[in-house]
Amino acid sequence: MITYKNAELIIDKYDYCTSMNIGEYKNIDFLMYQKEIIEILSCLNKDKVMLEWGCGGSTLFFSQYCKNLYSIESNRSWYTNIKNKLEKSKYENVKIIHESGEKYTKSVDEINEIFDVVFIDGIYRGKCLNYLVKSDKINENTIIFIHDSLKYKNQIINSIKHFDIQKEIKVFWKPEPDGKEDIEHMIVLKRKKNV
Ligand SMILES: C[S@@+](CC[C@H](N)C(=O)[O-])C[C@H]1O[C@@H](n2cnc3c(N)ncnc32)[C@H](O)[C@@H]1O
């Protein structure tokens, strides 16, 4: 008998998006599950402004569904790789910013926008979330996604009290057919009022 959990395991194993074709981009690494992608996508439309920490296939994909997307990336070669792909495309609503150290979080202040959606998927996930606690670049309607939130729980634990958890997206998977079961976890947050 295939239990609900087993069915999830089977489906999610094939659900992992690696090297997918994203519109005009071919063979782009997109290291997310469909369930997670759908969750973010459902918060976007052509009026929404998105901020992302950690660029990649997500940048190329989500920028096609929002007004503007700003992505901050710490790794220079990865930044160059994604920037080159963007430059060859027709999309002009995406800006990738290469920053590391303190400016990785602080460069957000130089962007003249209020963000509707924030996706935290790069280095320093805890620092990024902590930065949002006092930032005037978001408000209580801003939807914040933290990818791999279980893996980074020690980084985010101190700031999480300033946010309400809206949803937890869990994907069960096995790296190998007989491998140990693992969970991919993404949380969806909104900042509490009057923090
Ligand atoms: C796991 S990736 C996810 C990026 C993106 N949000 C996505 O879903 O496609 C997070 C970080 O890994 C780093 N990275 C370096 N080389 C990479 C590569 N070849 N593929 C993916 N990420 C890479 C980048 O610094 C990037 O910010």
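The values are calculated or read from the model by the stated rules, or taken from the named source; none is laboratory data. It should be emphasised that the depicted structure is a prediction, and the values quoted were computed from it without experimental measurement. Backbone-built Cβ (ideal geometry, glycine too); neighbour counts: all protein chains shown.
As a summary of the residue check, S63 satisfies the conditions (1) under 24 Å from K90 (Cβ atoms); (2) surrounded by fewer than 24 Cβ atoms within 10 Å (Cβ to Cβ); (3) more than 9 Å from the ligand (Cβ to nearest atom) except for the one numbered (2).
Here are some residues: F172, F145. Which one is touching a residue at least 60 places away in the same chain (Cβ under 8 Å), assigned to a strand (DSSP E or B) and either touching a Cys at 6+ places or on another chain (Cβ under 8 Å) or closer than 13 Å to V118 by Cβ (or both)? Talk me through it step by step, then tell me what you get.
On the way: F172 fails: either touching a Cys at 6+ places or on another chain (Cβ under 8 Å) or closer than 13 Å to V118 by Cβ (or both).
Sole residue among the options that is touching a residue at least 60 places away in the same chain (Cβ under 8 Å), assigned to a strand (DSSP E or B) and either touching a Cys at 6+ places or on another chain (Cβ under 8 Å) or closer than 13 Å to V118 by Cβ (or both): F145.
Only one of I72, I37 is under 12 Å from the mean Cα position of the chain (by Cα) and either modelled with pLDDT under 90 or away from the ligand (no atom under 14 Å from the Cβ) (or both). Can you tell me which? Write out each step before concluding.
Numbers: I72 fails: either modelled with pLDDT under 90 or away from the ligand (no atom under 14 Å from the Cβ) (or both).
Going through I72, I37 in turn, just one is under 12 Å from the mean Cα position of the chain (by Cα) and either modelled with pLDDT under 90 or away from the ligand (no atom under 14 Å from the Cβ) (or both): I37.
State whether one or more residues within segment 115-131 are over 22 Å from S58 (Cα atoms), surrounded by 14 or more Cβ atoms within 10 Å (Cβ to Cβ) and polar (S, T, N, Q). Among the residues of segment 115-131, at least one is over 22 Å from S58 (Cα atoms), surrounded by 14 or more Cβ atoms within 10 Å (Cβ to Cβ) and polar (S, T, N, Q), which makes the answer yes. Scanning segment 132-142 for residues that are surrounded by 18 or more Cβ atoms within 10 Å (Cβ to Cβ) and in a helix (DSSP H, G or I) yields one hit, L132.
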